[in-house]
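Below: one structure, written as structure tokens.
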Amino acid sequence: MERKHGVCSFFSTNLEVVTTAIDSIFLPYFISLTITLTNREEIHMKKISKLFLIAFLFCCLTRMVHATSSDTMSLTDEPGNWFKSNNTGTSLSVINAGQEVNFKISNCCTNTRHTVTLLIKPEGSNLTLDQDHSITGTLSATFDVPGVYVFVCKVHPYMTGVVAVKDADGNIPDVTTGSLPFISYLGITSLPADTVLAVLRTVASTDAEKAAKWDIRTSADQVIPKVPGVGEIWIDTQFEHVNKQTDKRGTLKPGTITIVDAETFTVEREINGLGAKGMWNNPHNMWADFTLDTIYNTNWFGEWINKIDRQSGRIIQSITVGEAPTHIVTIPTLGSSERGVLTIPLSAENNFVKVEDGSDGLKVIDSKPTGDGRNHPHGHWLNCGRGDRMVVPNVFKGVGVAGSVSILDSLTGDVLKEFDHDSNDPLRSVLLMPIAAGECHVNGVSKAYVANAVSGYITVIDVDGMQIRKNIPVTVTPDGQTGKDLLNTLQVPIQTPVSPDGKFVAAAILSLTAVPNAKTNSTDYVVIIDALTDEVVAYVPTPGGTHGINWGAKLGGGYYAYVSSQFANVLAVIDIDPNGDGKGSDAAVVGTILLANGSNGAGVTDGTGGQGIKPLPMVHDGWIQPTVELAGTGILSAEVEDWIIQLTPEQKDPEGHEQ
């Protein structure tokens with residue numbers, strides 16, 4: 001593809017002609033490539049046209065940047081524009097070989113700490129850039145070899161920035177398989193930088209790019225499950241734009257919470273952060289108290305948690321807890337003085353904090369490290385029923401992507417066991433950016449399932465025995481191969497909750513690109529694992545950017561797996577066992593619920609960014625029983641009382657009816 005001033009000028013002023021040219025000239029080539037990969041013709045021509053249009057605009061952009069200027073990229077909280085170039089205003093910086101880029105992490109653009117970590121670079125480059133802990137400040141890098149360099153933040157792994165370095169002729173060299181092994185599974189040895197950028201979903205700086213790259217759907221795509229659910233589904237629609245929603249410095253910050261009625265599968269209301277007094281930024285995960293009247297929410301790109309009245313949506317209180325709080329789980333331990341206390345990992349720090357919600361409101365009462373040294377803990381879980389053990393993934397422990405998994409005493413905070421990455425140990429070698437855990441008892445055994453973002457494996461841990469049992473490969477290459485790492489798949493396993501009955505694990509697999517894989521003919525999917533055998537029994541296609549997943553009660557018995565997607569504006573509903581044979585191999589999406597509800601000013605981001613997801617009632621053992629016990633006492637609201645009435649005996653007490 002030529003990159004000349006005249007060509008770019010023509011394309012930039014004749015977009016209609018460009019689109020026609022793309023459809024007639026380049027579209028057949030890309031379709032033939034798609035057929036080779038998937039043997040199916042299910043990628044829409046219009047969407048591919050948009051992707052190539054982005055590629056042409058990228059070509060023009062490379063010529064608009066002054067040839068001799070270096071650049072500064074500010075790390076931001078803006079969805080799809082997390083690394084923002086001063087020169088282009090986008091996530092793409094274009095420079096010459098030998099020039100420098102400054103990466104700035106400061107309060108101008110972000111409310112928490114980050115890393116600038118080089119993930120992909122051209123063959124022959126000697127550049128290295130990484131930090132052993134999250135920071136604020138400025139980092140600088142000089143780029144030695146022409147080609148494409150991709151940077152991420154290890155605290156927030158989908159934050160992506162691209163530096164394109166031109167050669168002596170002013171061109172950006174192709175991306176090769178030596179730089180990005182993922183390309184080899186497309187049946188080719190290299191791809192133009194334009195094409196790579198066009199399918200990279202994490203780089204979408206404008207609404208036009210988001211519309212082209214993200215999985216934006218309409219009401220025509222909506223499917224309502226035949227069997228209702230029970231209660232409500234709360235989704236952190238983390239990327240949704242809200243007019244005038246700013247931090248204390250007046251900088252716009254994204255994010256809403258969207259609430260779906262599980263009986264009708266309609267959006268019943270939406271909560272924004274306008275009442276949080278500037279303490280709201282990328283709302284990430286939630287939990288509830290035992291009455292289900294209060295919701296607690298974290299802000300992953302900030303330092304705060306929020307206390308929300310469930311019925312009115314009013315933000316009651318917001319407090320500072322530390323850098324980049326991620327998930328919240330309450331302690332359910334019977335007889336404990338800390339029953340109901342919130343536990344919250346701080347992913348840009350080394351600790352988790354405990355927060356008490358007492359008569360005087362929210363208050364931090366304790367803070368403990370989650371492992372030895374620097375930890376960056378993320379999505380933890382407490383063991384079902386007792387709640388006396390906490391399983392914590394420590395995302396990275398230093399330079400590089402090696403992490404660990406810790407088992408803590410929930411009450412004292414003591415580290416009982418830490419599994420550190422060890423490249424020479426077959427079981428611990430896959431502990432590369434462990435990011436989220438799910439836990440429950442399976443036939444009386446307390447088992448945790450930990451997703452490793454970089455290796456693409458789920459690690460199975462016996463929590464009581466404090467030993468690793470197995471590693472399960474869950475990501476796939478474009479041509480369907482398993483057991484490959486991030487650079488081969490560009491896929492990331494994230495949340496891994498165990499079903500309340502202990503039968504299945506549902507693991508959300510997020511794709512960083514718009515390239516489908518042959519196994520599911522989709523970009524993203526949910527892996528269903530039989531918890532008895534710890535074998536994958538199904539791959540279920542799901543919307544783009546699949547991130548969060550959790551279990552909610554299905555009317556009449558059993559459970560739905562509810563799936564949120566950060567690059568889509570829908571909620572997916574999976575029936576784990578439609579024919580009731582207990583095998584899970586027939587798991588399927590039975591509902592697709594539109595989350596976009598016409599929010600004022602949200603535009604293409606309306607209903608997007610789905611990450612944390614909290615179905616109510618909370619149906620796992622240890623958390624459902626306290627709510628059930630309050631039924632009929634007058635403490636629960638009439639709405640929650642009605643939800644409890646609808647539950648089956650098995651749903652009210654999963655431990656007592658465990659099979």
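A few remarks follow.
- Straight-line cross-link partners of LYS210 among the lysines, defined as a Cα under 24 Å from its Cα and at least 8 positions apart when in the same chain: LYS46, LYS47, LYS50, LYS84, LYS154, LYS244, LYS253.
- Considering only alpha-carbon pairs that sit under 8 angstrom and 6 or more positions apart, the relative contact order computed for region 614-659 is 45 percent.
- Sequence-distant lysines (8 or more away, or on other chains) whose Cα lies within less than 17 Å of LYS307: LYS277, LYS354, LYS363, LYS614
- Estimated [θ] at 222 nm from DSSP helical runs (n ≥ 4, -39500 (n - 2.57)) normalised by residues in the chain, nearest 500: -3500 deg cm²/dmol
- For region 584-655, the per residue solvent-accessible surface stands at 33 Å², with DNA, RNA and ligands left out and a 1.4 Å probe.
- For region 283-324, the dipole from Cβ point charges (+1 on Lys and Arg, -1 on Asp and Glu) about the Cα centre works out to 120 debye, to the nearest 20.
- Net dipole in debye of the chain [+1 Lys, Arg Cβ; -1 Asp, Glu Cβ; about Cα centre; nearest 20]: 1500
- Take HIS133: with every protein chain present and a 1.4 Å probe, its accessible area is about 60 Å².
- In region 493-627, Cα pairs under 8 Å separated by at least six residues give a relative contact order of 20 percent.
- Packing-based ranking of 530-537, 617-624 yields 617-624, 530-537, ordered from highest to lowest mean Cβ neighbour count within 10 Å.
- Portion, in percent, of the accessible area of the chain that falls on carbon or sulfur, probe 1.4 Å: 51
- Probe 1.4 Å, protein heavy atoms only - accessible area per residue of region 205-285 in square angstrom: 39
- For the chain, the membrane-span-like helix rule (DSSP H, alpha carbon extent of at least 15 Å along the helix axis, mean Kyte-Doolittle at least 0.5) picks out 27-38, 45-64; this says nothing about an actual membrane.
- Average Cα contact separation per residue, the chain, under 8 Å, 6 or more apart, as relative contact order %: 11
- Cβ-defined net charge surrounding THR633, 14 Å radius [Lys, Arg +1; Asp, Glu -1]: -3
- Within straight-line reach of LYS470, meaning a Cα separation under 18 Å, sit the following lysines at least 8 residues removed in sequence or on another chain: LYS417, LYS447, LYS484, LYS503.
- Averaged per residue, region 402-499 has 29 square angstrom of accessible surface, using a 1.4 angstrom probe with ligands and nucleic acids left out.
- Accessible area of THR142 (1.4 Å probe, protein heavy atoms only, ligands and nucleic acids ignored): about 70 Å².
- Prolate/oblate/rounded label for region 521-659 (Cα gyration tensor, a/c 1.5): oblate
- Ranked packing of 586-593, 416-423, most packed first, by mean Cβ within 10 Å: 586-593, 416-423
- Heavy atoms of GLU100 accessible to a 1.4 Å probe, total area in Å² rounded to 10: 80
- Dipole of region 513-584 computed with +1 at Lys/Arg Cβ and -1 at Asp/Glu Cβ about the Cα centre; of ALA531, ASN569, GLY545, farthest Cα towards the positive end is ASN569.
- Summed side-chain charge close to GLU268 - residues other than GLU268 whose Cβ falls under 14 Å, Lys, Arg +1, Asp, Glu -1: -3
The values are calculated or read from the model by the stated rules, or taken from the named source; none is laboratory data. Not measured: the values here are computed from a predicted model. No Cβ is skipped: glycine too gets one built from the backbone with ideal geometry, and neighbour counts run over all protein chains shown. Quick note on the areas: whole protein, heavy atoms, side chains included, nothing else; ligands and nucleic acids left out. Shrake-Rupley method; radii C 1.70, N 1.55, O 1.52, S 1.80 Å.
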